[in-house]
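No value in this document is a laboratory result; all are computed from the given coordinates. Note that this is a predicted model, so its numbers are computed, not measured. Heads up, the Cβs are rebuilt from the backbone with ideal geometry, glycines too, and the neighbour counts pull from every protein chain shown.
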Amino acid sequence: MILASLAAWRGVGIFAKGSETKSEGQTATATLEDVEPKLLLSGEVTPAFQVEVKPEVGGKVRKIHVAAGQPVKQGDLLVTIDDTDLLNEQAGALTDIEGARISVEKNRGNFERAKALYDEKLISKEVFSNLDADFRISQNTLEKAERRLQTVKDRLSKTRVVSPADGTILDVMVNEGQVVVGAASVNSGTTLILFADLSRLLINMHANQMDVSNLVVGGGLKVRFAGKSEDKASARIEFIAPVATVKNNIKGFEVQAAIEEGAAHLKPGMSVSMDVAIGRADHVVAVPIGAVFSDNENKVVYVRKGAGVEKRQVAVGLTDLSHAEIKSGISAGEEILLAEPTAEQLAGKS
């Protein structure tokens with residue numbers, strides 16, 4: 001039975017330096033190699049800062065000022081909401097203020113005259129109190145009208161939806177003339193623009209619970225993606241979730257890495273693969289993985305001896321998809337079989 005190493009079935013990478021394996025038919029030669037098993041992870045590129053831009057007031061979209069892919073600066077105008085109704089409301093508030101001010105001036109004059117007469121004891125306290133109350137009520141009415149006007153002005157300013165930061169428009173989610181709903185909470189309102197800062201990209205991944213022990217915050221990742229072979233990217237792990245979650249029926253841990261080099265070749269939403277080195281053995285005796293077999297709980301290789309074959313128990317160290325490190329049992333230069341020998345071959349060993 002061919003050895004299925006833990007590193008191999010997890011999907012590790014391949015790294016072999018030094019002399020090349022010499023093969024002839026179903027045999028190979030044990031050589032000195034550098035064996036570096038790698039853990040293979042997959043993830044998705046996402047911006048470090050991404051937000052759905054929603055209006056704070058509802059209404060009809062009058063004008064869209066940006067397009068998908070357009071870079072914008074903080075404060076740049078993105079969308080204008082029709083303000084006709086609010087302008088009418090503002091005009092009504094201004095009229096109410098004007099009327100309230102006239103009422104205040106009238107009641108102030110009545111109050112001041114009444115106070116002078118009351119001080120001279122020429123009018124009753126009841127008459128004076130009524131005129132005082134009228135004056136105070138008119139002042140309150142003016143204050144309410146002014147607050148209403150300020151509220152309308154605030155809502156008018158929110159009909160101009162601006163960029164929350166420097167970044168890029170990922171998508172425009174509405175059309176001109178469409179009626180949108182203002183956001184009363186995080187989960188409500190119509191999304192106008194999908195906006196992101198692409199100056200810093202992250203990779204989100206879900207690491208299998210058996211693999212996460214090989215990951216550490218601050219550890220480096222080699223990022224591979226579809227494109228030109230010379231395009232390279234690297235990332236560094238910034239976060240490993242403290243609690244496991246289930247995704248696609250697999251229990252694992254959310255991991256987030258920041259892209260440090262090669263971000264220019266990556267776009268949000270791209271799927272990428274990552275190599276994580278989980279060990280290294282330099283200049284060690286190694287054989288092709290296919291040459292290592294299981295014999296009950298032991299690992300064995302078959303070494304050619306003259307016209308026969310010798311079965312050797314070996315101690316296997318690190319493995320990658322190409323080679324297995326042999327800590328003991330064979331020496332470099334020995335010829336080994338890549339397939340289990342027949343009983344006749346074993347019987348004919350010298």
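The table below gives the values:
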{"read-out": "FRET E, pair residue 258, residue 85, Förster distance 51 Å, beta-carbon r, rounded to 0.05", "value": "0.65"}
{"read-out": "Part-to-part distance (alpha-carbon centres) for the stretch 196-221 and the stretch 283-331, which is given in Å", "value": "35 Å"}
{"read-out": "In the stretch 267-336, trypsin sites (Lys or Arg not before Pro) in a DSSP loop with at most 16 other beta-carbon atoms within 10 Å", "value": "280"}
{"read-out": "Separation in nanometres of the label points that stand 7 Å from Cα toward Cβ, at residue 327 and residue 181", "value": "6.4 nm"}
{"read-out": "Simple label model, 7 Å out from Cα along Cβ direction - residue 343 to residue 102, nm", "value": "11.9 nm"}
{"read-out": "Theoretical ellipticity at 222 nm over the chain - DSSP helices of four or more residues, -39500 (n - 2.57) apiece, nearest 500", "value": "-8000 deg cm²/dmol"}
{"read-out": "Shape metrics for the stretch 84-157, restricted to C-alpha atoms - Rg then Dmax, Å", "value": "16.5, 55"}
{"read-out": "Gyration tensor (alpha-carbon) shape descriptor, the stretch 193-244, a/c threshold 1.5", "value": "oblate"}
{"read-out": "For the chain, fraction of C-alpha pairs farther apart than 29 Å, in %", "value": "66 percent"}
{"read-out": "Helix 84-119 vs. the chain, principal-axis angle (Cα, 0 to 90°, nearest 10)", "value": "40 degrees"}
